[in-house]
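Asks: Below is the structure I would like to discuss, written out as structure tokens.
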Amino acid sequence: MEKTVSKQKSGHIVWLDIVRLAAMFMVVCCHCTDPFNFYPGTSPEIGEIKFWGAAYGALLRPCVPLFVMITGALLLPVRESSGAFYKKRITRVFFPFLIWSVLYNLFPWVTGLLGVEPRVILDFFPYSGEDVMRQSLEVSLGYIAGIPFNFSILAVHMWYIYLLIGLYLYLPVFSAWVVQASERAKLWFLALWGVTLLLPYYNEFVSEYLWGSCSWNSFGMFYYFAGFNGYLLLGHVLRQREWSGRMLLLVGVPMFIVGYAVTYLGFRHMTALPDCTDEMLELFFTYCSLNVVLMTVPVFMCCKKIEVHSELLCRMLANLTLCGFGVYMIHYFFTGPSVVLMRLLDVPICIQIPCASVVAFGVSWLLVALAYRVFGRKTRWVLG
């Protein structure tokens, strides 16, 4: 691997805009798999539905890690005071997060006021339970009251915003080490982080406790190297490096294939078990796992190789950078209905997920871009 100069155009790092496009579309596509992996009821085609839900779901696991790597590539090291950094970053995400969390949680109650059948809620939110089907204001207000503590089943995608705020709080602290650390020290950190990527499987298949963790201590020996901070550092390190086409072909492609095979086969195995719990279901889909890292790194490095010469495409990528957070906020309203639309149009099951994703992504981007065009900078308070 050799160090390279980032390709920039009009103040934008174009290849990072491409990574953002890939991550954004993949996360929308990932949420379009929910109606497949959590299909309500029975169907003569249930086997095919579950197969494609797993196949696409496994393929799309790099989506969130790519977002975190973009954050690390852009913001490490932090070059402003902690106060200025927190004011700029956290303020921008907090108010849209709060507004849309409330709106998602009010949705079932609003459908009740409009006389919409409760089962329609399942078309929007596949994780919904019996409480949501009551279309009760009391239930909605209960979920809203819980926002300071966690996301609800109506706003599942908001889990990432809790994570993002935590990463923003952590970044100035982590940045101080990044500035002082040598390249060798950074690689050692990533190596130790790599060990932690295997812990979910050890905890599931061998023992709940390892390296000092026990019933009174959840923080084992390598706890301080675990989690999404590894992706932050990985994005920072890989921004300065380049893979040749040969490297991508001989190393990147096999990495992705191995990571995908483990993710898909592991997910299918766990979901076939009669006593499969939520934790077991998500085990091989865990973002901080070695198999997902094996998939994520080649995608990131492949995006670096893409060159965009069209001014129009560069402007569109820059616009997505502006609209991206807003797209993330609102897209979950459109993923479920887009899948329903594909089924009504009798689109073949094998391509329903990507087709629905194009619709949900396109509608979300169009609405956010339109809001920015009409309301200008004020839009940021609602859509980020």
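Asks: If you project the alpha carbons of segment 79-156 onto their three principal axes, what span does each projection cover, largest first, in Å?
Replies: Extents along the principal axes: 52, 21, 20 Å.
Asks: Under 5 Å between amide H atoms, partner at least 5 residues away or on a different chain: which partners does HIS12 have, H built in plane at 1.01 Å?
Replies: For HIS12, no residues qualify.
Asks: By average Cβ neighbour count within 10 Å, what is the ranking of 104-111, 269-276, 337-344 from highest down? Mind dumping the intermediate values first?
Replies: Numbers: 104-111: 20.4, 269-276: 10.9, 337-344: 18.4.
Most protected by this proxy first, the peptides run 104-111, 337-344, 269-276.
Asks: Then there's this: Please give me the summed charge of the neighbours of LEU290: other residues whose Cβ is under 15 Å from its Cβ, Lys and Arg +1, Asp and Glu -1.
Replies: Working: positive: ARG61; negative: GLU204.
Taking every other residue near LEU290 into account, the sum is 0.
Asks: Would you please put 69-81, 181-193 in order of how densely packed they are, using the mean number of other Cβ atoms within 10 angstrom per residue and starting with the highest? Display every interim value, and only then the final one.
Replies: Numbers: 69-81: 18.3, 181-193: 13.4.
Ranking the peptides 69-81, 181-193 by packing returns 69-81, 181-193.
Asks: May I have the count of lysine pairs in the chain with C-alpha atoms under 20 Å apart, counting pairs 8 or more residues apart or located on different chains?
Replies: For the chain, qualifying lysine pairs total 9.
Asks: Kirkwood Rh, Cα Rg: Rg to Rh for the chain? Walk me through the numbers before you get to the answer.
Replies: On the way: Rg = 21.2 Å, Rh = 22.2 Å.
Over the Cα atoms of the chain, Rg/Rh equals 0.95.
Asks: Just order 14-23, 374-383, 91-100 by mean Cβ neighbour count inside 10 Å, highest at the front, would you? Write out the running numbers ahead of the final one.
Replies: Values: 14-23: 21.7, 374-383: 14.0, 91-100: 17.0.
Ranking, from highest mean packing down: 14-23, 91-100, 374-383.
Asks: With each label point set 7 Å from Cα along the Cα-Cβ vector, what nm distance links LYS88 and TYR170?
Replies: Here the answer is 2.1 nm between the modelled labels.
Asks: Once fully extended, how much extra length lies between ARG119 and TRP159, figured as 0.36 nm per residue of separation less the alpha-carbon to alpha-carbon distance? Could you put the intermediate results ahead of the total?
Replies: Working: separation 40, 0.36 × 40 = 14.40 nm, distance 2.45 nm.
Contour length minus the Cα-Cα distance gives 12.0 nm.
Taken together, the values in this text are just the output of simple stated rules run on the coordinates, not laboratory data. On a predicted model such as this, the values are computed, not experimentally measured, just so you know. When we count neighbours, we look across all protein chains shown, and the Cβ atoms used for this are built from the backbone with ideal geometry, even at glycine.
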